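A short write-up of the structure that comes next.
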Amino acid sequence: MINDIEHVPVLLNEAIDALSLTKDEVYVDATFGLGGYTKAILNKQNCKVLAIDRDPQAKIFANNLKKDFADRFYFKSGNFSDLGKFLKELKIYQVGGIVFDLGVSSPQLDVKERGFSFKLDGPLDMRMSCEGPTAEEFLDKVEEVTLADIIYELGDEVFSKKIAKNIIHQRSINKIKTTGQLADIVRDAIPKKKSKIDLATKTFQAIRIYLNDEIKELEQGLIAAEKALRPEGRLAVISFHSIEDRIVKNFFHECLQNKSLSRHIPELPKKKPSLEILTKKPILPSVKEINSNHRSRSAKLRIAKRTHFSSSFGEIA
Ligand SMILES: C[S@@+](CC[C@H](N)C(=O)[O-])C[C@H]1O[C@@H](n2cnc3c(N)ncnc32)[C@H](O)[C@@H]1O
């Protein structure tokens with residue numbers, strides 16, 4: 001039963017505190033999932049929340065929450081890069097805070113039919129939105145060099161070439177249809193060594209990021225968020241791997257230095273910072289949280305505050 005599935009929100013108190021909630025203000029939960037953050041925000045302050053998620057199953061959890069918070073909770077099914085469009089549809093022009101809790105939810109990982117997990121043997125799917133090509137279709141057609149590049153760049157995997165070669169070789173013998181098959185093919189391609197993480201981890205991460213266009217989504221989502229924040233509004237982003245964290249960190253610095261326009265047109269006068277960075281170093285989960293929720297172990301929270309100066313990226317979409 002979908003309603004029996006759980007997701008323990010990571011760095012929940014820290015992220016909610018970061019938003020500095022104010023009465024009657026609108027907040028955005030850009031990655032609703034099972035609604036852990038949204039629920040905590042609505043319970044803590046008499047404010048409104050617009051929540052977004054591209055997973056069709058998130059709508060089921062949103063409908064449940066709507067029963068308790070009908071007049072303070074809006075849900076939009078889709079990509080968080082479309083945040084500007086969603087706000088416009090609701091005639092909301094500025095918001096008090098936005099939180100992103102990136103990556104996959106526990107049900108996406110734990111339900112084998114979703115095809116994200118190398119621990120469970122399910123169909124090779126990996127699509128958050130359940131739309132577009134599946135991982136099976138992608139692996140059936142992709143060229144070896146392209147695949148090696150994806151695994152190297154999005155998985156930080158040094159054995160990317162060996163893994164790509166083995167995948168292409170194995171698919172010429174048998175179609176690769178399940179997560180179990182793929183995990184074994186990856187493990188077989190890598191020299192066996194003592195490792196805390198499963199040898200298939202990085203390759204699964206890379207294929208998932210590629211298939212769901214997660215890098216572009218994050219870059220566009222952050223730009224949309226910076227445009228939508230009111231002065232003093234907060235932006236809180238929780239990431240789970242170094243590629244995401246680097247994008248968030250660089251984005252915050254770009255807005256601090258307001259490089260976006262002058263990078264393209266150097267003769268333009270330098271603009272004022274649009275974000276103030278509130279976390280010089282990211283906030284990490286406590287040992288207690290890591291012990292009680294293993295999935296929090298790689299989480300990093302970065303927080304920024306919108307200044308009174310104009311947006312780095314133009315006015316709200
Ligand atoms: C880690 S979970 C969020 C869990 C949530 N904070 C909770 O407490 O239940 C991440 C969620 O973000 C969604 N997601 C990831 N990328 C997205 C994107 N580009 N647009 C919309 N939703 C996205 C996923 O479908 C997933 O449900």
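Just so it is clear, none of the values below were taken in a lab; they were calculated from the coordinates. Everything numeric here is computed off the predicted structure, so don't read it as measured data. Using ideal geometry, Cβ is built from the backbone for each residue, glycine included, and neighbour counts are taken over all protein chains shown.
Data for the structure
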item: Sorted by Cβ neighbour density within 10 Å, fewest at the top, the residues V28, V186, V248; result: V248, V186, V28
item: 20 Å Cα-Cα reach of K193 towards aspartates and glutamates, excluding residues that sit fewer than 8 places from it in its own chain; result: D156, E157, D184
item: Paired Rg and Dmax values of region 128-222, which use every Cα atom, in angstrom; result: 13.3, 43
item: Taking E113, E157 and counting other C-beta atoms within 10 Å, the order from fewest to most; result: E113, E157
item: Radius, Kirkwood style, for the chain when every pair of distinct Cα atoms is counted (Å); result: 20.7
item: R0 of 30 Å, Cβ-Cβ distance S242-N64: FRET efficiency to nearest 0.05; result: 0.30
item: Region 14-38-region 49-65 distance, computed between alpha-carbon centres (Å); result: 14
item: The chain: calculated mean residue ellipticity at 222 nm from DSSP helix runs of at least 4, using -39500 (n - 2.57); result: -12500 deg cm²/dmol
item: Extension reserve of the S129-F309 stretch, reckoned as 0.36 nm per residue once the Cα distance is removed; result: 61.2 nm
item: Alpha-carbon centroids, region 111-136 and region 216-252: separation in whole Å; result: 26
item: Qualifying trypsin sites (Lys or Arg not before Pro) for region 149-201 [loop in DSSP, other Cβ within 10 Å: at most 11]; result: K192, K193, K194, K196
item: Pairs from K119/K216; K44/K271; K119/K227; K112/K141; K59/K271 whose Cα-Cα separation, in the structure shown, is over 31 Å; result: K44/K271; K119/K227; K59/K271
item: Among G36, V287, V10 the positive-end extreme of the charge dipole of the chain (Cβ point charges); result: V287
item: Region 137-246: relative contact order as a whole-number percent, Cα under 8 Å and 6+ apart; result: 26
item: Likely footprinting exposure, Y37, Y27, Y152, Y210, fewest C-beta neighbours within 10 Å first; result: Y152, Y210, Y27, Y37
item: Mean Cα-pair separation over length for the chain, i.e. relative contact order, pairs under 8 Å, 6 or more apart, %; result: 18
